[in-house]
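I'd like to ask you about the structure that follows.
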Amino acid sequence: MQSTRIFSGGFGSGKSEIALNFALQKKSEGSGEVILADLDLVNPYFASREVKGALNSRGIRVLCPAEELSFGDVPNIPPEIIGILKQDNDMIIDLAGDEIGAIVLGYIHEYLIERQGFEFFLVINPYRPFAGDIESIKELKKCLERASGLKFTAIISNPNLVEETTADIIKKGHEKVVRYADKLNLPIRYLTVEERFYPELAAFYPDIIKGLNLNLRPQWL
């Protein structure tokens, strides 16, 4: 069996944390091989590759740029990714949220569309500058789709203000994402929240809520 989930969004959207959580959940379900491809070749901060060792120890294979180019500005797609895309596995891709970053999908576009279970998520944190209004979101969506050659299939709502987050902030932020989704004509597939808020909010959003464990936030945040 094959499945492909791609997570993209503007800086601070939380896409890398979400991709990491999906990979861990998929592995815990006891499915076959789980691959986390860190293709965020633009922003080296809070990247999935930072916890590569821990993921490998849990049976998740991490694909990322060569060590000497991991935090560089030169696009460097892991060479083995094409072969892996032809195999049966669960592929999760952490993609940079700008045109330069999304171009990497153009190189593997033909292999992605041949796989089954394809999903391309636009991750939105409405409290980040890039997501302050619908026009900014539309421009981001257009840019990423043009560069990647792929269309988004759904939105992931990830409203938070990091350590200042409250349940009320999540609710108000999600309402804004709902309005965005209507304008973009895309469904909201998940509302992602830190695990500590899950018990309080689960009753309000039973069909879409998903709890997250934070793995990438440094201790000084």
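Can you give me the angle between helix 167-184 and the longest principal axis of the chain, using Cα atoms only, in degrees from 0 to 90, rounded to the nearest 10?
That works out to roughly 70 degrees.
Over 18 Å between Cα atoms, which of Lys183/Lys210; Lys26/Lys210; Lys86/Lys151; Lys15/Lys141 qualify?
Lys183/Lys210; Lys86/Lys151
Treat each spin label as a single point 7 Å out from the Cα along the C-beta direction, and report the Asp207 to Lys151 distance in nm.
Rounded to a tenth, the inter-label distance reads 2.2 nm.
Sticking with this one: On C-alpha positions alone, give me the angle between the axis of helix 99-112 and the longest principal axis of the chain, in degrees, nearest 10.
Taking Cα atoms only, the helix is inclined about 60 degrees.
At 0.36 nm per residue, minus the direct Cα-Cα distance, what do Ile169 and Phe118 gain on full extension? Give it in nm, one decimal, please.
15.2 nm
Just the number please: accessible area per residue for the chain, 1.4 Å probe, all protein chains included, in Å².
Dividing the accessible area of the chain by its residue count gives 48 Å².
Given the Cα-Cα distance of Leu214 and Glu200 and 0.36 nm per residue of separation, how much length would full extension add, in nm?
In short, 3.2 nm is gained.
Between Glu99 and Ala54, what is the label-to-label distance in nm when each label sits 7 Å out along the Cα-to-Cβ direction?
With each label placed 7 Å out from Cα toward Cβ, I get 3.6 nm.
Kindly identify the stretch 135-209 as rounded, prolate or oblate by the Cα gyration tensor criterion: order the square roots of the eigenvalues as a ≥ b ≥ c, call it rounded if a/c is under 1.5, otherwise compare a/b with b/c, prolate if a/b is larger, else oblate.
Here the stretch 135-209 falls in the prolate category.
Treat every Asp and Glu Cβ in the stretch 87-176 as -1 and every Lys and Arg Cβ as +1, leave all other atoms uncharged, and give the resulting dipole magnitude about the Cα centre to the nearest 20 debye.
300 debye
Suppose we flag GluC sites (Glu not before Pro) only when DSSP calls them loop and at most 15 other Cβ atoms lie within 10 Å. Which is the longest uninterrupted stretch of the chain?
The segment 115-221 is the longest one with no such site.
A follow-up question, please. In degrees from 0 to 90, rounded to the nearest 10, what is the angle of the helix 134-148 Cα long axis to the longest principal axis of the chain?
10 degrees
The values are calculated or read from the model by the stated rules, or taken from the named source; none is laboratory data. Model, not experiment: these values are computed from the prediction. Cβ sites come from the backbone with ideal geometry, for glycine too, and all protein chains shown count toward neighbours. Accessible surface areas use protein heavy atoms only, side chains included; no ligands, DNA or RNA. Shrake-Rupley method; radii C 1.70, N 1.55, O 1.52, S 1.80 Å.
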